[in-house]
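Structure record follows, encoded as structure tokens.
The values are calculated or read from the model by the stated rules, or taken from the named source; none is laboratory data. Note that the structure is a prediction, hence the values are computed from the model and not measured. Only protein heavy atoms, including side chains, enter the accessible area calculation; ligands, DNA and RNA are left aside. Shrake-Rupley method; radii C 1.70, N 1.55, O 1.52, S 1.80 Å.
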Amino acid sequence: MKTRGSLNALIGVWFIIAPWVIGFSDQSGALWSSIIFGIIQIIASLWGADKPGWNSWQNWVSVITGVWFIIFPFIYSLTIGEVWLSVILGLITIIFSLRNLGAHSNSKAIS
């Protein structure tokens with residue numbers, strides 16, 4: 001579980017630095033959206049990494065940030081490369097978060 005949480009946290013870090021790395025830091029809305037949701041992603045994914053099961057609100061927050069990562073480049077009219085990168089990372093976030101949500105709570109006792 002912790003590996004998926006760590007990978008989702010790294011995706012959050014990417015969204016914090018992405019505006020400068022791929023060049024949309026001049027778009028205030030996209031810049032702040034990327035930073036704020038990146039921070040939320042880091043916190044939720046690390047906090048929820050060892051909390052499997054459908055009752056883990058932290059993993060639900062991570063799913064929501066993943067959905068936001070998919071739609072936000074369309075809202076801010078980013079370039080096609082920025083769109084694809086954001087959509088792919090958003091999908092990965094959602095998949096990892098859903099796998100954490102679907103994991104059995106008793107698997108924590110085994111590890």
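Do you know which of the residues in the range 24-53 that are open to solvent by less than 60 Å² (accessible area, probe 1.4 Å) and among the aromatic types (Phe, Trp, Tyr) is farthest from Ile11 (Cα to Cα)?
Phe24
Does the range 60-70 include one or more residues that are under 15 Å from the mean Cα position of the chain (by Cα), in a helix (DSSP H, G or I) and of a type in the set (Ser, Thr, Tyr)? Don't jump to the end; show me each part of the working.
Narrowing the range 60-70 to residues under 15 Å from the mean Cα position of the chain (by Cα): 60-70.
With in a helix (DSSP H, G or I) added as a condition, the list becomes 60-70.
Retained after the next criterion (residues that are of a type in the set (Ser, Thr, Tyr)): 62, 65.
The answer is yes, given that some residue of the range 60-70 is under 15 Å from the mean Cα position of the chain (by Cα), in a helix (DSSP H, G or I) and of a type in the set (Ser, Thr, Tyr).
Within the range 93-111, which residues are part of a helix (DSSP H, G or I) and either modelled with pLDDT under 85 or open to solvent by 60 Å² or more (accessible area, probe 1.4 Å) (or both)?
Taking the range 93-111 first, the residues part of a helix (DSSP H, G or I) are 93-102, 107-110.
If the condition is that a residue be part of a helix (DSSP H, G or I) and either modelled with pLDDT under 85 or open to solvent by 60 Å² or more (accessible area, probe 1.4 Å) (or both), then Ile95, Leu98, Arg99, Asn100, Leu101, Gly102, Ser107, Lys108, Ala109, Ile110 are the ones that fit.
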